[in-house]
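Novice: Please see the structure below; I have some questions.
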Amino acid sequence: MQNTFKAHQLIHFAAQNGLEEAMKLRLFSAYFTHAKDINSIDVLVEEASQIGLNAQEAKDALTSQQYAPEVREEETLWLQRGVQSVPTFVIGNQGVAGAQEPETLAAFIKQAASAQQ
């Protein structure tokens, strides 16, 4: 288990450069496939550069904590909504927390979809 606060800041930086999804996917791979320390600024800067972000700008954003307020704001928002675990799947105003069996997720999706109609 690693602290992902810096990684979330990097995602905000990537989003400002149109690469949010690419950054998320890169960080998932770094953590889950390659067991990299995504709390390390050096690792995060390397991963950012691999998707085409400027390494120095990424490092500056992380060391200055430029995006820390936005990350804290989002964190507070999700905690107010009752999200306290990862993963949590959210559709509309409904959510299901934790890793779930495929059948459980399918039932949640069907229920949430019918509530949206």
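The values are calculated or read from the model by the stated rules, or taken from the named source; none is laboratory data. The structure displayed is predicted, hence computed values, not measured ones. Cβ atoms come from the backbone with ideal geometry, glycine included; neighbour counts cover every protein chain shown. Note: areas computed on protein heavy atoms with side chains; ligands, DNA, RNA excluded. Shrake-Rupley method; radii C 1.70, N 1.55, O 1.52, S 1.80 Å.
Novice: Within segment 77-103, how many residues are at negative phi, open to solvent by less than 60 Å² (accessible area, probe 1.4 Å) and over 15 Å from the mean Cα position of the chain (by Cα)? Let's see the steps before the verdict.
Specialist: Of all residues in segment 77-103, those at negative phi come to 77-81, 83-91, 93-97, 99-103.
Narrowing further to those that are open to solvent by less than 60 Å² (accessible area, probe 1.4 Å): 83, 85, 87-88, 91, 94-97.
Filter once more, so that each one left must be over 15 Å from the mean Cα position of the chain (by Cα): 91, 94-97.
Total meeting the criteria: 5.
Residues are listed down the side, and each one gets a yes or a no for (1) touching a residue at least 40 places away in the same chain (Cβ under 8 Å); (2) among the polar types (S, T, N, Q); (3) farther than 18 Å from N17 by Cα; (4) in contact with a Leu (Cβ under 9 Å, 6 or more places away or on another chain):
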site: Y31; (1), (2), (3), (4): no, no, yes, no
site: I41; (1), (2), (3), (4): no, no, yes, yes
site: E46; (1), (2), (3), (4): no, no, no, no
site: Q50; (1), (2), (3), (4): no, yes, no, no
site: A58; (1), (2), (3), (4): yes, no, no, yes
site: Q66; (1), (2), (3), (4): yes, yes, no, no
site: P69; (1), (2), (3), (4): no, no, yes, no
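Novice: Are any residues in segment 73-115 among the acidic types (D, E) and assigned to a helix (DSSP H, G or I), and if so, which ones?
Specialist: At the first step, the residues of segment 73-115 found to be among the acidic types (D, E) are 73-75, 101, 103.
Matches in segment 73-115: E73, E74, E75, E103.
Novice: Return the residue satisfying two criteria in turn: it lies in segment 20-34 and is open to solvent by 80 Å² or more (accessible area, probe 1.4 Å) and aromatic (F, W, Y), and of such residues it is nearest to the chain's Cα centre (by Cα).
Specialist: F28
Novice: Return the total of residues in segment 39-69 being in a helix (DSSP H, G or I) and open to solvent by less than 80 Å² (accessible area, probe 1.4 Å). Reasoning before the result, please.
Specialist: Kept after step one, since they are in a helix (DSSP H, G or I), are these residues of segment 39-69: 41-50, 55-64, 68-69.
The next check asks that each one be open to solvent by less than 80 Å² (accessible area, probe 1.4 Å); those that pass are 41, 43-45, 47-49, 55, 58, 60-62, 64, 68.
Looking only at that region, the number is 14.
Novice: So which residues in segment 54-81 are among the hydrophobic types (A, V, I, L, M, F, W, C) and closer than 20 Å to S40 by Cβ?
Specialist: A55, A58, A61, L62, A68, V71
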